[in-house]
Structure formats: structure tokens, C-alpha cells
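Bear in mind that the values in this text are calculations on the coordinates, not laboratory data. Note that the coordinates shown come from a computational prediction; the quantities given were computed from them, not determined experimentally. In this analysis, Cβ positions are derived from the backbone assuming ideal geometry, glycine residues included, and neighbour counts consider all displayed protein chains.
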């Protein structure tokens, strides 16, 4: 029980720390929210009234408490460019990001674990070397650039996939959002045309993100499998005549599942974040593009709101992983 | 060399250069690439065939040729020269990030690991919190709020980069605390800062350096991402991320404008990752 309490306290403190950072950024910002509310042609009295409404003249600790209160009740302020509550905007765009990152992590995890197992079969062999190079390149490649090259090759030159965006214009109004995940929504209504169109738009950005994530997943799967290989139970299984592939899949892999799960979840959290650049390149209407658009419009509440939401997701995914890894592998606790 | 009866191995074996290359070819190749990139940055004015910011509108968007090996961009500037000068802001940013983060991270790690107790708990709590922050998005918000530029970009990255060193240094310091080596130093009356920074620091430094090499590849990518979003150094200073962004408009017709700077980012990040990968192998043979 105390372990759970400890976990909750750590999570709460980390989230509070995140709010300290976003609050500090808002404080340090040269932009004046009151001027934005009142408009730059407002009289001095209107301006002062706006400052009072926003509580800008209150002491710093009071303002921070008010800020935390707002965030906890789901109030992230009003966007300066869309004039909508930032929270409403984010709820609208977030499913697109979640769908992209989820498809990418499923692909990245499957391929990454498979590559890790193949590489561990013959350490220092040819395939191991190739997997190592692939994962090193996956670590090192700038994803916005890889996205551009994919668009150039698979969309512009080969015409294999659809281009930027999430859906072609002709299907734009055929999707009735239920979950906000277009793959599920279109499948739900049996809209084959728009389902395939969604898939065709999704495949390039998802591949770019998947390549990024399979690097760390394959590397860690390999390393932890090799770590198990020398242990007595592995030697015993080998002596008994268990084949190498079976040894890896049924004997070693379950024992490293906790570690592998942790790295997959970490990669997932990073993908939610990495979507910022990918979405910009692919014109993907998710949280990442919402944020970059807000940056160009100097829309401070939207930028900081988006940062906070991504940060909270990141922190929570990390914390849940911690728990999951312990359930899968009780030795960790 | 006589073996001293120490309870803790205090330093990795010293390696000669050729032994180093034989034991880890990837570390050697990575190191060679990093040195090459450093030299290019240092001697950029002598290597670059053209002025990187001189515009030549008549020769804009030229394909690669004998005169312009990588072609020209939409202002007619020589891409090769801009790539060569582009090493400078990238390495400068890395240098600032390293200067800002390693002293802070290592100091926190040593103090926490050596004194333990309440000090350790508080310092490590803060470290864990900062470690759980999303790097790219916080850097983005930081630069968006405080203004674009090299120094702000470095500050933004430093904000989330220091905890890794603190954690690593703390765990190494904890294991050193029980060593005969430190007991001997303390018996000679060495205490306080002199003990921490004269005796503990040299032993935890190699680990921190490996850890740093591990991070640099990622930091290069985030910095390039900031440049790509227009939040890096101001134009017309050549910066690789911003150059990719410039090339985005003409990607379908003049692909080389975006492709070449991206390749430079990949190569630089790859060099650091290869180096750190090899260094890790040398330190921990299990990863082999």
C-alpha cells in the first residue's frame, strides 16, 4: 500500500513541478495578457480593469495557486488566435496525435522486438551488425527531414501513398467522428473508401515515427536478451536441446518483458512529443501542429497549454509504465 | 603495474589509441568523424569555396555541378559552403549546453551521493522531476516564449539535460563512498570541497563523459528541430535545421536544397551516437 502511496506522491509532485515550469514561462514571457484582453487601443482604465480581471497584480504565490486551480478544473486559458478555450481546442486536435502515435508505436514495437530477437540470435554476426546500424540511424535521423524525403519519394515520385493531411478533400465530410480515431470511425461505419484513404495518409507519418522508436526498442531487446543468455536456466534449456529461436521466444523473452515494456512505453511518450515535428511536415491536424501554429501566431496560452498537456501525458505514461513493469516482472519491486 | 588491494575498481584501464581502435571500431570511427566535424567548423573560412551568405539570384536553385557541388539554394547561395559553416552554430550550441549542464549535474550528483540522507533525498527528488519532463516540447515552449536564438536554445536544452549527469554521478559516488581510497584520503585529513572535487570528481568524470556523448546526438536533433521550426539562430546565418525548412518549399523540384543539410544533421548525430555506443561497449562488455 505504501508503495502505491509513494507512487502517487511522486506523480503529484512531478506534475506540480511541470506546472511550476509552465507558470514560470508564462511569467517570464514578454507578452502582456492584459494588453491582449483589452486590445492595444484600450483606455488606461480598461487596461487596468483587464489586469484586475486576470489577477495580474496579485502576489506571485497567489497567482500560482490560482493557476494550479485553473489547470485542475480544466481551464487552460483562452487562445489568442482562435479565441476558443485552449482546452476545447486541444480536445478537438488531440485524437489525431493519439491515433498517429499509437499506430506508430504498435508498428515500432513489433518490428523493434523482432529485430532485437533476430540480432540476439547471432551476436556480432552480420545480421546483428545490420540491426545495429539500422538502430543507430534511427537514433540519429532528424524525423522532420526523413518525413520530407518520404513525402518526396513515396508520394511525389512513386504515388504509392497520399500526401500531407489526414484525409483527402473528397472524403472530408464523410467521416462522422465517434472516437476521433479516423481508422476506427471509418471502419465503424463501413466506409471502405475513406478508411483506405485514412490509411494511405497515415502510413508515411506513422512510418517515420515508428523508425524513430524501433531504434531504442530493438537495441534494448537485444541487450537484455543477451544479458539473460549466460544465466543457468538458459544454459539448462540449451543443454536440454531447446532450439535457439524457441529459447529466445518462450524462455528468455518473458523474463525481459518488464524491461522491454518500459522502453516501449518510454518510446510512446517520446512519440507523443516527437509528433510536433512530424505533424508540421505532414500537415497532420494534431496537437503538434496546433502548437507550432500557435508559436508562429505568438499565441502564448495555446503554446503553454499544449506544452502542459503533452508534458502531463509524458509524465503519466512514464508513471504507469513503472507500475506495469512491476506487474509484469515482480522482481523489479 | 602492481595491483593495489582496493575494494572498488577506481578507474577504467587506460587504453592506447591503437588498442582503443581495435577493441571498439565503432568508437574509433565515431571519434574520427567527430574530430573531422570539429576541424571543418574550425577551418570553415578556408574550406568553404564561397561566402555562405553571399546571394547570387541569377544562379538560384542550381542543381549540383562542378562549380557548386551541392547546388545552390533559393537565394543562389552555395549549399556546400552553407553546410560547412553550419557546423559552427551546431557545435557552439553543444558546447554551451555541455558547459551549462555538466558542472551542475556532476556537482549535484557528488553532493547527493556523498552526504546521503535528507540532502540526497531532496536533490534526487528534484532530479527525478526534471528528468520526467518532455525535452523537445519544453525546449520549444521555452524558445517560443523567451525568443529564438542560439543562447536561448542552449538554455532550453540545458534545462532538461542536467538530470542525467546528476543521477549517474550520484550512483557512482555512492559506490565510491565505501572505498578504501576515500577512507585513506579522509584519514589524511582531506575533507569538504577538496575531498569532493579533488578526489571524488576525477573518478566520476569518465562516466559523466560517456553519459554526455550519449546525449549529444539527441541534443543535435532537438536543436535542428528548433531550427527547422524557425526558432534557432537568426537568418541569414547558416543553420542546418533552418536550411531544411528553406528547402521544404522546393522539395518536389529541387530536393537537394533540403536533402543535403538533413544529411549533415544525420551524419553529425550519427557520429556522436557511434562514439557513445562504442564507449559504452568498452565500459560494459555485456552490451557487446
**Asked** What length, rounded to one decimal in nm, is gained on full extension from residue B:39 through to residue B:99, with 0.36 nm per residue of separation minus their alpha-carbon distance?
**Response** 19.6 nm
**Message:** Report the Cα centroid-to-centroid distance between the range A:178-235 and the range B:235-288 in angstrom, as an integer.
**Reply:** 24
**Prompt:** Ranking A:293, A:97 by Cβ neighbours within 10 Å, fewest first, what do you get?
**Reply:** A:293, A:97
**Item:** FRET efficiency for residue A:65 and residue B:65, using Cβ-Cβ distance with R0 set to 60 Å, rounded to 0.05
**Value:** 0.40
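Listing B:82, B:125, B:194 from the residue with the fewest other Cβ atoms within 10 Å to the one with the most, what is the order?
Details: B:82 29, B:125 14, B:194 11.
Starting with the residue having the fewest Cβ neighbours, the order is B:194, B:125, B:82.
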**Request:** Give the Rg/Rh ratio for chain B, taking Rg as the radius of gyration of the Cα atoms and Rh as the Kirkwood radius, to two decimals.
**Result:** 1.06
**Fill in**
For the residue A:31, residue A:316 Cβ pair and Förster radius 22 Å, calculated FRET efficiency rounded to 0.05 is 0.15
**Prompt:** Relative contact order of the range A:34-191: what whole-number percent is it, with Cα pairs under 8 angstrom and at least 6 residues apart?
**Reply:** 12
**Asked** Label residue A:92 and residue A:183 with points 7 Å out from Cα along Cα→Cβ: what is the distance between them in nm?
**Response** 2.5
**Fill in**
Residue separation between residue B:178 and residue B:151 times 0.36 nm, minus their alpha-carbon distance, gives in nm 5.7 nm
**Complete:** For A:7, B:240, ascending order of other Cβ atoms within 10 Å (fewest first) is A:7, B:240
**Request:** Relative to the longest principal axis of the C-alpha atoms of chain A, give the angle of the C-alpha long axis of helix A:2-28, reported between 0 and 90° and rounded to the nearest 10°.
**Result:** 50
**Asked** Once Rh for the protein assembly as shown is found with the Kirkwood sum over Cα pairs, what is the Stokes-Einstein diffusion coefficient at 4 °C and 1.567 mPa s, in µm²/s?
**Response** 49
**Message:** Can you give the log10 of the normalised intensity I(q)/I(0) at q = 0.13, 0.16 Å⁻¹, computed with Debye over equal Cα scatterers of chain A?
**Reply:** -1.09, -1.33
**Fill in**
If one compares the long axis through the Cα atoms of helix A:192-229 with the longest principal axis of the Cα atoms of chain A, the angle in degrees, nearest 10, works out at 60
**Request:** Would you kindly state how much longer the chain becomes between residue A:130 and residue A:200 on full extension, computed as 0.36 nm times their sequence separation minus their alpha carbon distance, in nm to one decimal?
**Result:** 22.3 nm
**Asked** Which FRET efficiency value, to the nearest 0.05, do you get for residue B:19 and residue A:331 by plugging their Cβ-Cβ distance into 1/(1 + (r/R0)^6) with R0 = 35 Å?
**Response** 0.40
**Complete:** If one compares the long axis through the Cα atoms of helix A:300-328 with the longest principal axis of the Cα atoms of chain A, the angle in degrees, nearest 10, works out at 30
**Fill in**
The alpha-carbon center of the range B:49-110 and that of the range A:121-145 are separated, in whole Å, by 26
**Item:** Separation of alpha-carbon centers, the range A:15-94 and the range B:136-200, rounded to whole Å
**Value:** 34
